[in-house]
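In what follows, a single structure is set out as structure tokens and then discussed.
Computed from the coordinates by the stated procedures, all read-outs in this text should not be read as laboratory data. Just so we're clear, the structure is a prediction, and the values are computed from it rather than from any experiment. Cβ placement follows ideal geometry from the backbone for every residue including glycine, while neighbour counts extend to all protein chains displayed.
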Amino acid sequence: MDKLAIDGGTPLRGEIRASGAKNAALPLLCASLLSPEPLRLANVPRLNDVHTMQSLLSQMGVALDTSKPGEVTLSAERIDWPLAPYELVKTMRASILALGPLLARCGEARVSLPGGCAIGLRPVDQHVKGLEAMGAAIDLTHGYIHARGKLTGAKVVFDMVTVTGTENLMMAATLAEGTTVLENAAREPEVADLARCLAAMGARITGAGSDRIVIEGVTRLHGASHAIMPDRIETGTYLAAVAAAGGSAAVVGADPDSLDAVLLKLCEAGAAIAVDGDVIRIERTGPLAAVNVRTAPHPGFPTDMQAQFMALAARAEGTAVITETIFENRMMHVQELQRLGADIEVEGSSAVVKGVAKLTGANVMATDLRASACLVIAGLVAEGRTTIDRIYHLDRGYERIEDKLSALGARIARVK
Ligand code: EPU
């Protein structure tokens, strides 16, 4: 199994390019199920989760052309198997995103229940409830969601903000008869990116990016081309790495507007940020200040950046309180940070992080995607060598992380 070896202590300098967003790519790939005509996606990140989703779609009968780098053309002329089997869903919860489009297009879908995952229980009751409101008959048997029926427009009020829940129902509603209104919808930029693509396919959607989305169903969607938005979490992770390690760098091809909460917190931590079009420059030469963080749905501070900010706080001057409000078990990086010498106490859903003068390299284990990113950042500032095991988590969501960090001057290598 691959590991990452990092020799910390080098400030980061240079320029890197943001990749396409994982959490936009996954629903966009599923959107191809909605039309018999080809959907061409550009700026597709090379990630394990993207490959898993492509395998899932291919098993259903979708033809994929991946011959051009960074592009995928998906043709769902026929869907032979409206099925997402347990073997794939258990490796990637986002497979649930196939449910809405399959049901809307085929009148039937069978998708495995995702079950628990490392960062929390993560039920899918809101997806199911919404589809039932739209007229689907749903059975939960043998670990599968079996949905059938012709969808009609409905009003859905989500009990909590759910990103993939919003995306699933928005996709399903594009082909439903009549108008669907989604209230308390997720405002994440990836929802708006999906809506742009669906609109290019002929869907009638207003309000995506707000908490009220209205979808007027149409009888058929057509082919389209869409460039996937830049990955705001990947960008934020590299910016946090520069803030932690010190130095001066730029991320080009980024989407600064999707990162307001993160950029403000980086400034509070002592970094200077300058935005110029799609370029975000960051410089940190002075001391690193402790900043409190409380995760919240967009436009609040993203849960997907919580772990990276804990690595920052571990080396900052002062004490930071980091509170996770979205997932119940997203603090697994704490124990690993402690192995590097961090002073952290967890009280309920908050971590009290007292900054220490130095972290020291050690062997650590990645437990989930963003926890892994946190350990990479900690390794970049720790004295000596940090070796991170189980980096397959990183490969799910960061494209060539060691190459990008090496380009910034980090001493990082993948070892077999
Ligand atoms: N929830 C329910 N019932 C539902 C749906 C959600 O109780 O039917 C709860 C969840 O258990 C959680 C909260 O609602 O406590 C929010 O979950 P949400 O549904 O928004 O999460 P998700 O859609 O499964 C997406 C991202 C995650 C990101 C979250 C929150 C994708 C593919 N995944 O997950 O990304 O953390 O939104 O922003 O878009 C990551 O990239 O590392 C990652 C985990």
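Tabulated data
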{"quantity": "When each of Lys22/Lys155; Lys3/Lys265; Lys129/Lys155; Lys22/Lys404 is checked by Cα-Cα distance, pairs over 19 Å", "calculated": "Lys22/Lys155; Lys3/Lys265"}
{"quantity": "Antiparallel content of DSSP bridges confined to the chain, in %, to 5", "calculated": "70"}
{"quantity": "Dipole magnitude of segment 16-83, debye to nearest 20 (Cβ charges: Lys/Arg +1, Asp/Glu -1, about Cα centre)", "calculated": "280"}
{"quantity": "The chain: radius of gyration over Cα atoms, expressed as a fraction of 2.2 N^0.38 Å", "calculated": "0.98"}
{"quantity": "Fewest-first ranking of Lys68, Lys416, Lys265, using other Cβ atoms within 10 Å as the exposure measure", "calculated": "Lys416, Lys68, Lys265"}
{"quantity": "Rg to Rh, two decimals, where segment 54-98 supplies the alpha carbon set and Rh follows Kirkwood", "calculated": "0.99"}
{"quantity": "Cα centroid separation - segment 248-278 against segment 7-61, whole Å", "calculated": "23"}
{"quantity": "Dipole magnitude (debye, nearest 20) for segment 39-120, charges at Cβ of Lys, Arg, Asp, Glu", "calculated": "120"}
{"quantity": "Estimated 222 nm signal from helices in the chain, with DSSP H stretches of n ≥ 4 weighted -39500 (n - 2.57), rounded to 500", "calculated": "-9000 deg cm²/dmol"}
{"quantity": "Average silhouette area of segment 229-330, convex hull of alpha-carbon atoms, in square nanometres", "calculated": "5.9"}
{"quantity": "Segment 313-416: relative contact order in percent, alpha carbon pairs under 8 Å with at least 6 residues between", "calculated": "24"}
{"quantity": "Contact order normalised by residue count of segment 59-186, Cα under 8 Å, 6+ apart, percent", "calculated": "21"}
{"quantity": "Two-decimal ratio, segment 1-89, of alpha-carbon radius of gyration to 2.2 N^0.38 Å", "calculated": "1.37"}
{"quantity": "Inter-centroid distance (Cα atoms) of segment 312-342 relative to segment 158-178, Å", "calculated": "33"}
{"quantity": "Per-residue Cβ neighbour rank within 10 angstrom, fewest leading, His51, His226", "calculated": "His51, His226"}
{"quantity": "Relative contact order (%) - criterion: Cα under 8 Å, at least six apart; region: the chain", "calculated": "21"}
{"quantity": "Equivalent-ellipsoid semi-axes of segment 290-378, from the Cα gyration tensor, Å, largest first", "calculated": "19, 15, 11"}
{"quantity": "Residue exposure sequence - Phe301, Phe327, Phe309 - by fewest surrounding Cβ within 10 Å", "calculated": "Phe327, Phe301, Phe309"}
{"quantity": "Cα-derived Rg to Rh of segment 374-416, Kirkwood definition", "calculated": "0.92"}
